[in-house]
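The values are calculated or read from the model by the stated rules, or taken from the named source; none is laboratory data. A quick note: this is a predicted structure, and the numbers were derived from the prediction, not measured. Backbone-built Cβ (ideal geometry, glycine too); neighbour counts: all protein chains shown. Surface areas here come from the heavy atoms of the whole protein model, side chains and all, with no ligands, DNA or RNA. Shrake-Rupley method; radii C 1.70, N 1.55, O 1.52, S 1.80 Å.
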Amino acid sequence: GDDEDAAGINNDNNNDISDEDESSVDEELDELNAQLRRQIEGNDPELVRLEIGPRDYYPHGDDWEMDGESIGKNTQIRELIMSDLDELNGTTKQDLEKFSIGVAHNRSIQQMSFRDCHLFDGEIFRILVP
C-alpha cells in the first residue's frame, strides 16, 4: 500500500512541476513582452532590432493595433523581423493588417524581414508602402 501512495505522490509532483515550468515560461514571455513594449513606447535608443513572433515579442488581441502604432511612432528601430506569423500560431489577417497600418508610419526602419509568415497574397506589402 505504501508504494502505491508514494508513486501517486510522485506522479502528482511531476504534474505540478510541469505545470509550474509551463506557467513560469509564460510568465517570462509576458515579462519580456512588457519590457519590450516599454522600450518601444519609450523610444529606447537600445532597441534597434525587434523581432515579432511567438518566441519573441508577440502582441495579443487588441495589442496588434496598439503595438503597430507604437512601432510607427518609434524613431530608434532600424530592423523589424516578422517570424512564424500565421493562423497556426493564432495570427489572423486582421491582426497583421491592423499592425501593418501602424508600422507603415515608421521612418526609421531600414530593413524588414519576413520568415514563415502568411502574407495574404501580398496584401500586407500594399499596407506597408508609405
Using beta carbons and a limit of 6 Å, which pairs, at least six apart or on different chains, have the first residue in segment 40-60 and closer than 14 Å to VAL103 by Cβ and touching a residue at least 24 places away in the same chain (Cβ under 8 Å) and the second one part of a loop (DSSP other than H, G, I, E, B) and open to solvent by less than 40 Å² (accessible area, probe 1.4 Å)? ILE40/ASN74; LEU50/ILE77
Quick one: ASN33 ticks every box in (1) open to solvent by less than 50 Å² (accessible area, probe 1.4 Å); (2) at pLDDT 95 or above; (3) out of contact with any helix residue (DSSP H, G or I) (no Cβ under 8 Å at 6 or more places or on another chain) bar one, so which box is it? (2)
Within 18 Å of LEU32 (Cβ to Cβ), at pLDDT 95 or above and touching a strand residue (DSSP E or B) at 6+ places or on another chain (Cβ under 6 Å), is that true of ILE77? yes
Look through segment 72-96, keep the residues that are outside any loop (DSSP other than H, G, I, E, B) and over 13 Å from the mean Cα position of the chain (by Cα), and return whichever of them is surrounded by the most Cβ atoms within 10 Å (Cβ to Cβ). GLY72
Does ASN89 count as in contact (Cβ under 8 Å) with a residue 24 or more places away in the chain and touching a helix residue (DSSP H, G or I) at 6+ places or on another chain (Cβ under 8 Å)? no
Could you list, in sequence order, all residues of segment 102-123 that are more than 15 Å from ILE52 (Cα to Cα) and in a helix (DSSP H, G or I)? GLU123
Note on LEU50: of the conditions (1) part of a loop (DSSP other than H, G, I, E, B); (2) in contact with an Asp or Glu (Cβ under 8 Å, 6 or more places away or on another chain), unmet is (1)
